[in-house]
Amino acid sequence: MKTRTRFAPSPTGFMHIGNLRTAIFEYLVAKRNGGDFLLRIEDTDQTRKVDGAIEFIYKTLELCDFKIDEGPMNEGECGPYIQSERKDIYKKYALELVEKGHAYYCFCTEEELDAMRERANLRKKPFMYDGRCSKLSKERIEENLKNNVPYVIRQKMPKMGETIVLDVVYGRVKIDNSILEDQILLKSDGFPTYNFANVVDDHLMGITHVIRGKEYLDQTAKYNLLYDAFGWEKPTYIHVAMVLGEDGNKLSKRNGDASFMDLYNEGYLPPAIVNYLVLLGWSPEINQEVFSMDELIKNFDEKRISKSSSQYDVKKLQWFNAQYIKNMEDQKYLEWIKKYFHHDVADKNEDWVDHLLLIYKSHLSYGEQINEETKSFFEDIEMNEECKVFMESDPIIKDILMAYKEEFINISSWSVDAISKVILRVKEKLNVKGKLLYMPIRIASSGLMHGPELADTLYLIGQDKIISRL
RNA sequence: GGCCCGUUGGUGAAGCGGUUUAACACAUAUGCCUUUCACGCAUACAUUCAUGGGUUCAAAUCCCGUACGGGUCACCA
């Protein structure tokens, strides 16, 4: 059987890295086995829909270099790929279950349910629907339906015994049937619930491997019961532990910026993000960390997904990103970094800009950083305390700076080479070296104690500006 | 609260009963290199695998309890 996996987000227009990481796993499982990766939109909750969300998801997956074999914008045989457009399908299958005696009509109103819940609360008992509507007579049901009494369809759960869930990561998990509520399959608005839609769609779309967050592990018992009721073959389940935020808490929109788009907009490269994320909760058998997509496909093995949750760590992401930046071709790098570079360069020529950007290539962790790093080339400089302390640490520094100034004024053709020679001459003239030779001029010209190659830096700041800053 | 799952260093993690005096990577610290900073390179960083017991000649690795963390119990997904 051909391996088929699916990414099934709800269209909220927001994708945090935990979701993305699930998509990565789904994609890799499919491609590792030469299978298909599908996109399905789970919009059964009509209140959460956001315009443009589908395009947003396509864009995100495309940036990450995931090829969608079937989805709402490139339909295959199993369409539609948007759940709200499959309403009739769910109803048909829900009715089939009623027919078979595995589900029943329930006419309890939300008010009635609330009251039951209230009563259970008072007795400090957890509430569970008691299945009273499953005992309704045929005539009563007929009559209610004829009178258009609103209804939901509930799944009939076994009251005894246990259901076994087999999972690639967590192994064999036993769930007591007595805790399973007669869950709603079809809501009174005719839409299916998430759980029901999932089972029906996964089966109809030929999904062989279901990869999802660990928070669904308990629910899987209900899924299995549903598959059994239909007489369908169950998929292979791969539940993955959560990704936690840097503070060790659950990721959330509020508490940080762990969204793919935010990272992308800050100048993190999608392949680096993917590479970082895939290693969060999964480790390859070989001792390697930087992987191309092809290498990932070759090396991925769902059996090596870890059971415990892992914490997101920007520092490591930054390291990955820096690796990817360093490995870019210069031309590609320039094209890319210019999207993030916002300083006003109207009065500079292109070579100057390229030169500047290039000397920072091996210094960057993410794109946006270029603006802060190159600030001293565009704005007035401001020394911090550390610099001031250094500048006053030795009286000879004044002489050193004067020497530089004189030399710079005398340079007739301003070039990196000429500047290097000046540095050498100052060194001999005043007999200083190391920090004392470099730091004064570095601080005076850029206001910083670190940066790329000094001669390049001075060259780019420009003769006039340097002299005036001295 | 019931049920389910997890627990190796600041972080990601390897490890699947003996060759582990716990790999590798990020971060951190120090040194080397470049007559500076960074880049790069090198070294250091868990006597110990949440904890208590047990099984075994031998346990991070198997079993049980405890603690802690997380998840789940909707006409949300």
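Bear in mind that the values in this text are calculations on the coordinates, not laboratory data. Because the structure is predicted, anything quoted here is derived from the model rather than measured. Virtual Cβ from ideal backbone geometry, glycine too; neighbours counted across all protein chains shown.
Structure summary
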{"item": "Relative contact order (percent, whole number), the stretch A:1-111, Cα cutoff 8 Å, 6+ residue spacing", "result": "26 percent"}
{"item": "The stretch A:373-470: chymotrypsin sites (Phe, Trp or Tyr not before Pro) in DSSP loop, at most 15 other beta carbons within 10 Å", "result": "A:Phe378, A:Trp414"}
{"item": "Rounded to whole Hz, the Karplus (6.51, -1.76, 1.60) HN-Hα couplings of the stretch A:291-306, x for glycine and proline", "result": "10, 7, 4, 4, 5, 4, 4, 5, 9, 5, 8, 5, 6, 9, 6, 7"}
{"item": "Aspartates and glutamates whose Cα lies under 18 Å from that of A:Lys339, excluding same-chain neighbours fewer than 8 positions away", "result": "A:Asp262, A:Glu266, A:Glu329, A:Asp330, A:Glu350, A:Asp351, A:Asp354, A:Glu368, A:Glu372, A:Glu373"}
{"item": "³J(HN,Hα), Karplus 6.51/-1.76/1.60, whole Hz, each residue of the stretch A:24-32, x for Gly, Pro", "result": "4, 4, 4, 4, 5, 4, 4, 6, 4"}
{"item": "Under 20 Å from A:Lys146, Cα to Cα: aspartates and glutamates that are on another chain or at least 8 residues apart", "result": "A:Asp88, A:Glu96, A:Glu99, A:Asp189"}
{"item": "Length-normalised contact order of the stretch A:57-208 in % [C-alpha pairs under 8 Å, at least 6 apart]", "result": "23 percent"}
{"item": "Per-residue Cβ neighbour rank within 10 angstrom, fewest leading, A:Glu289, A:Glu233", "result": "A:Glu233, A:Glu289"}
{"item": "Contact order normalised by residue count of the stretch A:328-377, Cα under 8 Å, 6+ apart, percent", "result": "48 percent"}
{"item": "Dipole of the stretch A:290-339 [Lys/Arg +1, Asp/Glu -1 at C-beta], most positive-end residue of A:Ala322, A:Ser292, A:Ser309", "result": "A:Ser309"}
{"item": "Cysteines in chain A lacking a second Cys C-beta under 4.7 Å", "result": "A:Cys64, A:Cys78, A:Cys108, A:Cys387"}
{"item": "Partners for A:Lys31 among aspartates and glutamates (Cα-Cα distance below 16 Å; same-chain residues under 8 apart left out)", "result": "A:Glu62, A:Asp65, A:Asp69, A:Glu70, A:Asp294, A:Glu295, A:Asp301, A:Glu302"}
{"item": "For the stretch A:339-354, Karplus couplings with θ = phi - 60° (6.51, -1.76, 1.60), whole Hz, Gly/Pro x", "result": "5, 9, 7, 10, 5, 6, 10, 4, 8, 10, 8, 5, 4, 4, 4, 4"}
{"item": "Given A:Lys250/A:Lys307; A:Lys91/A:Lys187; A:Lys338/A:Lys375; A:Lys388/A:Lys429; A:Lys375/A:Lys465, the pairs whose alpha carbons are separated by over 19 Å", "result": "A:Lys388/A:Lys429"}
{"item": "Qualifying chymotrypsin sites (Phe, Trp or Tyr not before Pro) in the stretch A:75-150, DSSP loop, other Cβ atoms within 10 Å at most 11", "result": "none"}
